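Comments concern the structure below.
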C-alpha cells in the first residue's frame, strides 16, 4: 500500500543523504521526495511516498526514527490528510491547439504561467491522480517537458507534526 | 579559561572522557593531532601496523570492558582501512569512536591527495558520523560521539576532522561539557510496565518456556539479572553466539547455544516451546533458520533496547522496548511478588523432554578419526589448561564454532567474536586490545591458518608494546568452513578453499621475536599448551595440526525449521 511519511529532521548537512541512503541500504523504495526548511530554520520537513506491506512500513518508520537527525515522523496515510503535488508542464501550443489547451487548463483549474508564440507552460496542483489525468488529457497535444514536485502532505484538523 | 588549539582540545577531550589508550596510525591529515598527542602523557597511543587492526583492538577492549574503544587515523586510505572494523563493531553493537583526519576544508571536494568522503563511505555502517566545522566545537562533538556510542543500542561513531580544524595556531576556550542532550535522540530508559506485566503473566502460564538470550544481555550488563530471573522461574536458557557467558554455560539450566551450529537440545527446545522469552537478541537468520517455519507453537516476548530489532524478522507478541537490565529486574520483582507460579508439573515434563534431547546428542559430542587430533579436543584441552577462565577471542570459521561449542563460558565479556559481520582477521588484534588493558588476565585467540594471516602484521605491534597473548591455531590446512559447505553443497569441489604454501609459522613468529610451537600428536597437545601458557611474558603461537576432514555439527538444514539439523555427515533429523 502506498504511504506518505512526513519527517521533521535537523536541518544539517548530510541529514538528507542519511534518509535516502537508508532506503537503498535496506532495499526500500522511494517513489517521491520533497524537502525544505520549515518556519523554524533548524528543522527541515521531508515528505516521501513509498510502497510496502504493513510490516515493511513499520520497519521503515522504525529505521527512520533511529537516524540521529530524525526528530519526529508521522505516517500521514494512517489518518485523514490533505496531499498536494505541484506540476509544471510545457506544451506545444500553436494554432487551434492554443484554445483547446486553455480550455483544458481551466477545467483542471490550472494556470498558464508562461506564454510564447508556440509554447504554453502550465502550472497545476492537486493529488497525483489529478496531475496524471491532466497529462493524459493533453497527451495528444505535444507535451514537451514535465516537472513534478513530489507529494507534500499535512494531517487534517487539529493534528500537527511539530516539536 | 584555558586556550587550546583544535588538536589539543581533541586530545584533552579524550583525557577528560577518561580515555587511557587509543589505537591508530599517523598520516598527513592527522599530523597536528599526533603532535598534540606527543606533547602530553595522559592519553597513550598504540601504533598498529594496519588501521583495520586498530579498530579491532578498540573493539576487543570495548567487548571485554563495556567501554568505548577509540581509534585515530589519517584521511583517505587510513580512514578506508578502518571500514571493516567499523562494520564489525556496527553489526555487533559495539561502542567505538573513530577519529579520522580529513584534508583541509578548502580542499574538500577537489579530489585532493588522500581525500575520501569518509562521512559518505562510513554512513551505512555507523550509528552516527559527523564533521568538525569549527575547532571550537571539538569538545562538544567528542562528548556527543561518546554519548551516542555508549547509550541506547551502542555502536560506532565517526568524527571526520579536516586538517585546518586542528591547526596549532588557532586558540580557543576549552571546556569539556558535562553532559549532552539531543532533542532527536532519547533512548528508552525503562520498559513499558503494562507490557512487562503481560510478559510475566505469560511466563506464569507457560508450559514449555525457553529464555533466548543474546548479546544485548552482555552489552547491557544484565547477566546477573538474567541468571536470577532464570533461577527464580526454573526455565531453560539458551544463548546466542553473541550472548555466551550472559548466562553461565555450566549452569544446569543452560542448554548451550542455538542456531545454525547450536546444540541439538537448544534448537529442539526452541522449536517445541510455547513461550520464547527473547532478551537482547535479534532473531538473526543464523538463529532462526527459515522464519516461516520458526517455532510454530511459540508466543514471543521480545525485550530489546532497539525498537527496530523487534518484529523485524519474527513477529513479537509482546514487544518490550527498554534496557534489558531494568526490564529483567522489573520482571523478577513481579515474579517474586506474584501469587501464581509456573505450572511445576508441566515444567518438569518439559525438562524431562529436554534432558532426553540432551542425552540423544550431547552438546559436547564428536567422534575421533584415528590418531588425528580433533579440533574439538584441542579446544577442550585449552579449556582445561586455562581453567575455563580466559578471555577467548576468535576469528571466523570452523575454529570459531568449535571454540564456542567446546569452551563453556560462565562469565560475560569473556567470549569475543565477530558474530554479525563474520570478520576474518578480527581475533588477534581483539586479543591485543584486551591484553593491553588486562595484562594480568589470560587472553587467547583461537584462530585458523586462514584467518591469522589476515592481520598477522600485528605481531610487530605485540613486540613493540609487549602484548603476550596466546594464539591457538587449529590448522586443518584448508579454509575449513568453506570446505565444509563445498562438501555439503558442491560435491566436494574445493574451489580455493585449500591453503597451499603456508608459511613456516615457527620461523615467522621467531622473526617477529615471538615463540611458536607445533603440535602434531595427541599426547603432545596438553603438555605443549601448558608450556605455552606458562610463558607469561611471551607471545606464543601454538600451531595444532587437526583432523582436516572434520565438519561442524549440528548444522541446521538450509530452508528448514530450527529442528531440521544435520547431526553428522550421515545423520539428518
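The values are calculated or read from the model by the stated rules, or taken from the named source; none is laboratory data. Nothing here was measured: the structure is a model prediction, and the numbers come from that model. Note that each Cβ is placed from the backbone with ideal geometry, even for glycine, and that neighbours are counted across all protein chains shown.
Contact annotation: residue pairs with Cβ atoms under 7 Å, 6 or more positions apart or on different chains, pairing a residue in the range B:354-372 that is without any contact (Cβ under 8 Å) to a residue 12 or more places away in the chain with a partner that is surrounded by 13 or more Cβ atoms within 10 Å (Cβ to Cβ), are B:368/B:374. Need the failing condition index for residue B:168 against (1) more than 14 Å from chain A (Cβ to nearest Cβ); (2) within 27 Å of residue B:262 (Cα to Cα); (3) not in a helix (DSSP H, G or I), just the number. With (1) more than 14 Å from chain A (Cβ to nearest Cβ); (2) within 27 Å of residue B:262 (Cα to Cα); (3) not in a helix (DSSP H, G or I) applied to residue B:168, the lone miss is (2).
Among the residues of the range B:218-248, those identified as touching a strand residue (DSSP E or B) at 6+ places or on another chain (Cβ under 7 Å) and either closer than 17 Å to residue B:408 by Cα or free of Cβ contacts under 8 Å to residues at least 12 places away in the same chain (or both) are B:236, B:237, B:238, B:239, B:240, B:241, B:243, B:244, B:245, B:246, B:247, B:248. Going by the structure shown, is residue B:563 over 20 Å from residue B:446 (Cα atoms) and surrounded by fewer than 21 Cβ atoms within 10 Å (Cβ to Cβ)? Yes: the conditions hold for residue B:563.
Among the residues of the range B:403-413, is there at least one that is more than 17 Å from the chain's Cα centre (by Cα), at negative phi and surrounded by fewer than 22 Cβ atoms within 10 Å (Cβ to Cβ)? Yes - at least one qualifying residue is present in the range B:403-413. Within the range A:69-124, the set of residues being in a loop (DSSP other than H, G, I, E, B), within 30 Å of residue B:186 (Cβ to Cβ) and out of contact with any helix residue (DSSP H, G or I) (no Cβ under 9 Å at 6 or more places or on another chain) comprises A:79, A:80.
Output yes when any residue across the range B:187-206 is in contact with a strand residue (DSSP E or B) (Cβ under 6 Å, 6 or more places away or on another chain), outside any helix (DSSP H, G or I) and within 14 Å of another protein chain (Cβ to nearest Cβ), and no when none is. Taking every residue of the range B:187-206 in turn, at least one turns out to be in contact with a strand residue (DSSP E or B) (Cβ under 6 Å, 6 or more places away or on another chain), outside any helix (DSSP H, G or I) and within 14 Å of another protein chain (Cβ to nearest Cβ). Can you tell me which of A:8, A:76 is under 21 Å from residue A:161 (Cβ atoms) and away from chain B (no Cβ under 13 Å)? Exactly one residue qualifies, and that residue is A:76.
On the given criteria, is residue B:109 assigned by TED's automatic domain parsing to the domain that holds residue B:134 and surrounded by 24 or more Cβ atoms within 10 Å (Cβ to Cβ)? Criteria not met by residue B:109. Within the range B:142-149, does at least one residue satisfy the condition of being under 12 Å from residue B:132 (Cβ atoms), within 12 Å of another protein chain (Cβ to nearest Cβ) and out of contact with any helix residue (DSSP H, G or I) (no Cβ under 6 Å at 6 or more places or on another chain)? Yes, some residue in the range B:142-149 is under 12 Å from residue B:132 (Cβ atoms), within 12 Å of another protein chain (Cβ to nearest Cβ) and out of contact with any helix residue (DSSP H, G or I) (no Cβ under 6 Å at 6 or more places or on another chain). For the residues B:255, B:277, the requirement of being part of a strand (DSSP E or B), assigned by TED's automatic domain parsing to the domain that holds residue B:320 and over 20 Å from residue B:219 (Cβ atoms) singles out B:255.
Might you let me know whether the range B:209-220 holds any residue that is over 22 Å from residue B:414 (Cα atoms) and modelled with pLDDT of 95 or more? The answer is yes, given that some residue of the range B:209-220 is over 22 Å from residue B:414 (Cα atoms) and modelled with pLDDT of 95 or more. Those helices (runs of 4 or more DSSP H) of the range B:53-141 in which at least 1 residues are within 14 Å of chain A (Cβ to nearest Cβ), considering only elements entirely within it, cover B:83-91, B:118-122.
Is it the case, given these coordinates, that residue B:428 is buried (at least 19 other Cβ atoms within 10 Å of the Cβ), closer than 22 Å to residue B:258 by Cα and in contact with a strand residue (DSSP E or B) (Cβ under 9 Å, 6 or more places away or on another chain)? Against the criterion (buried (at least 19 other Cβ atoms within 10 Å of the Cβ), closer than 22 Å to residue B:258 by Cα and in contact with a strand residue (DSSP E or B) (Cβ under 9 Å, 6 or more places away or on another chain)), residue B:428 does not qualify. Could we say that residue B:168 is touching a residue at least 60 places away in the same chain (Cβ under 8 Å), outside the structural domain of residue B:309 (by TED's automatic domain parsing) and surrounded by fewer than 18 Cβ atoms within 10 Å (Cβ to Cβ) here? Criteria met by residue B:168. With respect to the conditions (1) closer than 12 Å to residue B:200 by Cα; (2) surrounded by fewer than 19 Cβ atoms within 10 Å (Cβ to Cβ), residue B:327 falls short on a single one, namely (2). The residue that is farthest from the other protein chains (Cβ to nearest Cβ), counting only those in the range A:19-35 that are part of a helix (DSSP H, G or I) and in contact (Cβ under 8 Å) with a residue 40 or more places away in the chain, is A:19.
Of all the residues in the range A:49-61, those that are surrounded by 17 or more Cβ atoms within 10 Å (Cβ to Cβ) and either at the interface with chain B (Cβ under 8 Å from one of its Cβ atoms) or closer than 15 Å to residue A:35 by Cβ (or both) number 4.
Table: residues versus (1) touching a strand residue (DSSP E or B) at 6+ places or on another chain (Cβ under 7 Å); (2) surrounded by fewer than 19 Cβ atoms within 10 Å (Cβ to Cβ); (3) modelled with pLDDT under 95; (4) away from every other protein chain (no Cβ under 14 Å).
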residue: A:17; (1), (2), (3), (4): no, yes, no, no
residue: A:46; (1), (2), (3), (4): yes, no, no, no
residue: A:68; (1), (2), (3), (4): yes, no, no, no
residue: A:90; (1), (2), (3), (4): yes, yes, no, yes
residue: A:103; (1), (2), (3), (4): no, yes, no, yes
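For residues that are touching a strand residue (DSSP E or B) at 6+ places or on another chain (Cβ under 6 Å) and within 14 Å of chain A (Cβ to nearest Cβ), scanning just the range B:284-310, find the one that is farthest from residue B:558 (Cα to Cα). Among residues in the range B:284-310 that are touching a strand residue (DSSP E or B) at 6+ places or on another chain (Cβ under 6 Å) and within 14 Å of chain A (Cβ to nearest Cβ), the one farthest from residue B:558 (Cα to Cα) is B:307. One residue alone among B:130, B:91 is surrounded by fewer than 24 Cβ atoms within 10 Å (Cβ to Cβ) and over 16 Å from the mean Cα position of the chain (by Cα), and that residue is B:130.
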